[in-house]
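Only one structure is covered here, and it is reproduced in the block below.
The values are calculated or read from the model by the stated rules, or taken from the named source; none is laboratory data. Everything numeric here is computed off the predicted structure, so don't read it as measured data. In this analysis, Cβ positions are derived from the backbone assuming ideal geometry, glycine residues included, and neighbour counts consider all displayed protein chains. Only protein heavy atoms, including side chains, enter the accessible area calculation; ligands, DNA and RNA are left aside. Shrake-Rupley method; radii C 1.70, N 1.55, O 1.52, S 1.80 Å.
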Amino acid sequence: MIRIAIVGQIGSGKTFVSRKFKYPIFNADEEVKRIYNNNKKCFTKLRKKFPNNIKKFPIKKFELRKIINQKNIKILSKIVHPYVRLSLNKFLKENRNKDYVVLDIPLFIENKLYKKSDVLIYVMASKKKIIQRLKNRGGYNKQIFNILKSQQLPINKKRKFCDFTIENNSGRNNIYNQVKKIKGILNDRNSVRH
């Protein structure tokens, strides 16, 4: 199995790009939402750390927004990331017979989840496009955006880890063509291995 990791800044379009590959996808952001909605152990740990803000299960996004700062983001990550890793391991085990899987994990490099055999793809978008996308999602908060961004490696360092770059400032056809080209290269590489 070849693991394709999609990395990039918040709002760069990683999830959109991930779906274009049409391989099984592990989406860490979706998994975190699922954990907040379904995992009572995680809820109990978070409520213990933040009793004034996290009161009811399932955990609400607006409750989390109230507590996000530089210190608390580290505490949140320390509690939630182990659950995400368990889900990732389960996903990888379930898909071990697939030729390819896509890992849409924002902190893939920062959390040292990569292996030498992984294919890393950097999704690049202009700051203007990123802000526009985040505002279109709703709930955009510049302070929270900056805190989350501070958890990521600087762009130039992150890109050094990557095998490919996908430019995501223009239309869907452009993304489709870039993904198609990368899939072709990967299929050629993979056929040489077998």
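Observations on the structure shown:
- Pairwise centroid distance, computed over Cα atoms, of the range 1-62 with the range 103-172, Å: 15 Å
- Think of a 1.4 Å ball rolled over the protein heavy atoms: the range 60-159 then has 62 Å² of accessible area per residue.
- Each of F62 and N173 was given a label point 7 Å from its Cα along the Cα-to-Cβ line. The distance between the two points is 4.3 nm.
- The three principal axes of the Cα atoms in the range 120-185 give end-to-end lengths of 40, 26, 14 Å, sorted in falling order.
- When each of the peptides 65-72, 41-48, 179-186 is scored by how many other beta carbons lie within 10 Å of its residues on average, the order from highest to lowest is 41-48, 179-186, 65-72.
- Full extension of the chain segment joining K149 with R189 gains 11.0 nm, where the gain is 0.36 nm per residue of separation less the Cα-Cα distance.
- Computed over the chain: relative contact order in percent, which uses C-alpha pairs under 8 Å that are six or more apart: 37 percent
- Label zone at F161 (point 7 Å along Cα-to-Cβ), backbone N below 15 Å, the range 1-34: 3-10, 28
- The share of C-alpha pairs in the chain whose separation exceeds 23 Å stands at 47 percent.
- Its Cα gyration tensor gives the range 1-106 an equivalent ellipsoid. The semi-axes, each the square root of 5 times an eigenvalue, are 28, 15, 11 Å from largest down.
- Value of D in µm² per second that Stokes-Einstein yields for the range 6-60, Kirkwood Rh from Cα pairs, at 10 °C (1.306 mPa s): 121 µm²/s
- From the largest down, the range 50-124 spans 46, 28, 20 angstrom on the principal axes of its Cα atoms.
- Highest mean packing comes first when the peptides 78-84, 2-8 are listed by Cβ atoms within 10 Å, giving 2-8, 78-84.
- Helix-only [θ]222 nm of the chain, DSSP H runs n ≥ 4, -39500 (n - 2.57) each, per residue, nearest 500: -17500 deg cm²/dmol
- Residues of the range 147-188 falling in the label zone of N111, defined by backbone nitrogen less than 13 Å from a point 7 Å along Cα to beta-carbon, are 152.
- Mean Cβ count within 10 Å, highest first, over the residues of peptides 133-142, 116-125: 116-125, 133-142
- Share of carbon and sulfur in the accessible heavy-atom surface of the chain [1.4 Å probe, %]: 51 percent
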